[in-house]
Amino acid sequence: MNLQHERILTLCESLNLPFVAQAYPLAAQDAALAETAYSDFLEGLLKAEAAGRNVRKQTMLTRLAGFPAIKTLDDFDYEFAQGVKRSQIEELAGLGFVERNENVVLVGPSGVGKTHLAIALGYRAAQAGIKTRFTTAADLLLTLTTAHTQNQLKSVMHRAINSYRLLIIDEIGYLPMNREQANLFFQVIAARYEKGSLIVTSNLPFGQWDATFAQDATLTAALLDRLLHHARIVPIAGESYRLKNQRAAGMVKSKRETAPAA
Ligand SMILES: Nc1ncnc2c1ncn2[C@@H]1O[C@H](COP(=O)(O)OP(=O)(O)OP(=O)(O)O)[C@@H](O)[C@H]1O
């Protein structure tokens, strides 16, 4: 414990300053060579600690979000996605909608980039320090029905739904729900209403949502009312990006080619 280096490392550990501990030997050497002012040296070390903590938090929030893959807005091809306005997506990327507890609804056929955009916005949020969670409608329902049968709905609603500032629910519309599932889903939307942001994706136009929600037109109307009251809707049209290469190689026909002649 006689070496100053060891004493500094011990102090950094007890004061929880891991990034100062990491940065200081080189920073001290550089400062001695450059005859840096003591205050600049200290500021540099504190900046290293702040930057290190920020990266650690971003990594933790990205892991916590449970994205199935990382997709970014830089990877998104706006030329391909029909109807998506770059200006609208860039405005959403500013994350003001999360501050205002508003929702984003991405609607369009399979493969047009709804999940890609939802993840990209969620990733932005996690990078900005916002507690975010990605789930599919099917996984969410499984969690909720299990909690319901185990009489733990309240605590699971808090842990899996309300504790996140941004909740992404992917693929609404692919699985028809029974009445109990539709009720549970309604509770999620109602619990988040004006309290936290949602990004949802669906392949179904809103007029067909009752087909998913147990054919219950009243419940579907109440759900859409809450979801869409403060929402930005992003309609996406066009062909599936997944089949882009096959179409280009002539292995799959485009929608235009398969449409009946007018
Ligand atoms: N405009 C685009 N630019 C770049 N990649 C895209 C674009 N659209 C889709 N992709 C890619 O194509 C694949 C399918 O897209 P995605 O899963 O986002 O589609 P989706 O609309 O959610 O479809 P589904 O309803 O079937 O889930 C992903 O790998 C995604 O990154």
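Throughout, read-outs are computed from the coordinates displayed, never taken from laboratory work. The model shown is predicted, which means the values in this text are computed figures rather than measured ones. No Cβ is skipped: glycine too gets one built from the backbone with ideal geometry, and neighbour counts run over all protein chains shown.
For Asp30 and Arg242 in the same chain, what is the full-extension length gain: residue separation times 0.36 nm, less their Cα-Cα distance, in nm?
On the way: separation 212, 0.36 × 212 = 76.32 nm, distance 5.16 nm.
Here the answer is 71.2 nm.
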Calculated [θ] (222 nm, deg cm²/dmol) that DSSP helices of n ≥ 4 give over the chain, each run adding -39,500 (n - 2.57): -16000 deg cm²/dmol
Degrees, to the nearest 10: 137-149 long Cα axis against longest axis of the chain: 90 degrees
Ratio of Rg to Rh over the chain (Cα coordinates, Kirkwood Rh, two decimals): 1.13
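Could you compute the net charge surrounding Trp209? Neighbours are other residues with a C-beta less than 14 Å from the C-beta of Trp209; K and R count +1, D and E count -1. Let's see the in-between values first.
Values: positive: Arg226; negative: Glu171, Asp210, Asp216, Asp225.
Its environment carries a net charge of -3.
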Total lysine pairs whose alpha carbons fall under 13 Å of each other in the chain (8 or more apart, or interchain): 4
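Contour minus end-to-end for Ser14 and Glu102, with contour as 0.36 nm per residue of separation and end-to-end as the Cα-Cα distance?
Details: separation 88, 0.36 × 88 = 31.68 nm, distance 4.18 nm.
My answer for the length gained is 27.5 nm.
Calculate, for Gln208 and Gln58, the FRET efficiency according to 1/(1 + (r/R0)^6) with r their C-beta to C-beta distance and R0 41 Å; round to the nearest 0.05.
Working: r = 38 Å, r/R0 = 0.93.
According to the calculation, E is roughly 0.60.
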Distance between the stretch 1-59 and the stretch 122-155 - C-alpha centres, whole angstrom: 38 Å
Approximate spin-label separation Ser39-Lys195, in nm, with each point projected 7 Å along Cα-to-Cβ: 4.8 nm
Separation of the Gln152 and Ala128 label points, Cα + 7 Å toward Cβ, nm: 3.3 nm
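Multiply the residue gap between Leu228 and Tyr174 by 0.36 nm, knock off their C-alpha separation, and tell me the result in nm, one decimal place. Numbers along the way, then the final one.
Values: separation 54, 0.36 × 54 = 19.44 nm, distance 1.97 nm.
Residue separation times 0.36 nm, minus the Cα-Cα distance, leaves 17.5 nm.
Place the peptides 43-52, 151-160 in order of packing, highest mean first, counting for every residue the other Cβ atoms within 10 Å and averaging per peptide. Let's see the in-between values first.
Values: 43-52: 15.3, 151-160: 13.2.
Taking the mean over residues of other Cβ atoms within 10 Å, the ranking is 43-52, 151-160.
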Residue among Ala51, Gly122, Gly111 farthest towards the positive dipole end of the chain, charges placed on Cβ: Gly111
Crossing angle, helix 18-34 versus the chain [Cα axis fit, 0-90 degrees, rounded to tens]: 50 degrees
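Assuming R0 = 30 Å, what is the FRET efficiency of Ala69 and Glu90, from their Cβ-Cβ distance, to the nearest 0.05?
Between Ala69 and Glu90 the formula returns 0.85.
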Environment charge of Val234, counting only residues whose C-beta is closer than 10 Å and scoring Lys/Arg +1, Asp/Glu -1: +3
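Counting only other residues whose beta carbon sits under 12 Å from that of Thr135, what net charge do I get with K and R as +1, D and E as -1?
Net local charge, Thr135 excluded: -2.
With a cap of 15 neighbouring Cβ atoms within 10 Å, and only residues DSSP puts in a loop, list the GluC sites (Glu not before Pro) found in the stretch 150-205.
On the way: sites: Glu171, Glu180, Glu194; in loops: Glu194.
Qualifying residues, ordered by number: Glu194.
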